[in-house]
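Take a look at the structure below.
The values are calculated or read from the model by the stated rules, or taken from the named source; none is laboratory data. No experiment lies behind these values; they were computed from the predicted model shown. Every residue, glycine among them, receives a Cβ derived from its backbone with ideal geometry; neighbour counts consider all protein chains shown. Calculation scope for accessible area: heavy atoms of the full protein, side chains included, ligands and nucleic acids excluded. Shrake-Rupley method; radii C 1.70, N 1.55, O 1.52, S 1.80 Å.
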Amino acid sequence: MHFIAYRYGMMPKIKANKKWKILFTIPNFDTAGSGKALLNICKRLDKKYFKPYISCSHSKGYLFKEVISSEIPFYLNDNQVEMKPRLKGAIKCYQLSKFFRKLNIDLIHSFHYGPDYSEALAANFAGIPWIYTKKNMNWGGSSKNGWKIRSMLSSHILLQNRDMQKLFFKKYRKTSLVPRGVDTDEFYPMRKQLSLIRKHNILEDEIVILSVANLSPVKGIDILIKSFEKLSQKYKLIRLFIVGNKESDYGRRMEKIAKDSPFGLKIHFTGKIYDVIGYYSIADIFVLSTIKKGEGCPVSLLEAMSCGIPPVASNVSGIKDVLDPFPELLFSPGDVKSLAEKLENLIIRKEDKNFFYRKYILKKHDINIEVKNHEKIYKKILNLN
């Protein structure tokens, strides 16, 4: 009855002493970006109205320690099931629905960023409103039907950029634009971390160019390396640091390209770094070289700007939303020459940490703004107005 009532707008108003239980689901906390986004929201929810819970498949991943320290109740459970063959998949979803019903949850918010729809089907069986956040620009190919079914079964969809609405959800009314936010108390302009300066023997006059991204083809690291080589022919005192998981075929290929470059000694691949704030401290320019496909709402770009670092980034979905007030900082995706020119402009200007970028993030992308937007959606779905 709960779900039927929700569908037809018949749910009762909130009682004064009622705390609504929100279950946040995610496959695991190995993927730092997704797990961090989830924790940023559920740790900050208004405790007057909401009580958060977390469910994931296992306790691996460094971020799971943060789950434990947060004291948010959690459950280890696999919330996705194999849907082929269909009948067996539906039966498994019904079994999963029993787990959801047992928790007595009011709303499920999925941070699973793939096209899986088994969790949504189980939530429907349980009569619990189910929503999800659309993080990336994946949609077509073999995953297209999965995305469509997932969206059809959802009670609401949170979008991270404007292009998602135009490309994927043109006929949907159950969507809301909720751009990502960052903890501006954690990411702020700071003095250069001397330990990193010494570790990499960075000279006082050197310009440090930084990119923070897990190495996958969509990040366009090959374009960044080629642009850096072009600049290095003219500017001797520049370095390139690429921070992010490099344990992939693409990552290993990028390392080899850099190693074979005549400027290879000036290109550093750090691998996955948990405390990335140190690298933001030594950066003079931040780069995000995402290819034409685009992405959701790049948090590393927000973090860099919150730290006052001048950015250069591709003119693609997600990024162009963030840099809408700064079109001069956008370059044509995949264009080595265009990226090199934008970087050279910043090298010539040689800006110090610019509080103008930080003020923009404080106004538009502070984590508390993102949390408030989530709360509005939860209240609307649960009829708390």
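Candidates ILE91, ILE149: the one that is open to solvent by 30 Å² or more (accessible area, probe 1.4 Å), in contact with a helix residue (DSSP H, G or I) (Cβ under 8 Å, 6 or more places away or on another chain), in a helix (DSSP H, G or I) and more than 23 Å from CYS42 (Cα to Cα) is ILE149. Taken over region 348-368, the residue count meeting the criterion of being buried (at least 17 other Cβ atoms within 10 Å of the Cβ) and touching a Lys or Arg at 6+ places or on another chain (Cβ under 9 Å) is 2.
Enumerate the pairs (first residue in region 364-385 and in contact (Cβ under 8 Å) with a residue 60 or more places away in the chain; second residue anywhere and basic (Lys, Arg) and not in a helix (DSSP H, G or I)) with beta-carbon separation below 6 Å, excluding pairs fewer than 6 apart on the same chain, so at least 6 apart or on different chains. If the second residue must be basic (Lys, Arg) and not in a helix (DSSP H, G or I), the pairs left are VAL371/ARG44. MET305 satisfies every condition listed in (1) surrounded by 22 or more Cβ atoms within 10 Å (Cβ to Cβ); (2) farther than 25 Å from ILE348 by Cβ except (2). Listed conditions (1) open to solvent by 80 Å² or more (accessible area, probe 1.4 Å); (2) without any contact (Cβ under 8 Å) to a residue 60 or more places away in the chain are all met by ARG191, apart from (2). Against the test of being closer than 26 Å to ILE348 by Cα, under 20 Å from the mean Cα position of the chain (by Cα) and among the aliphatic types (A, V, I, L, M), the options LEU210, LEU215 yield a single qualifying residue, LEU210. Entry remark, region 318-330: residues being surrounded by fewer than 24 Cβ atoms within 10 Å (Cβ to Cβ) and not in a helix (DSSP H, G or I) number 5 in total. On the given criteria, is LYS379 charged (D, E, K, R), open to solvent by 50 Å² or more (accessible area, probe 1.4 Å) and either part of a loop (DSSP other than H, G, I, E, B) or out of contact with any Lys or Arg (no Cβ under 6 Å at 6 or more places or on another chain) (or both)? Answer is no for this residue.
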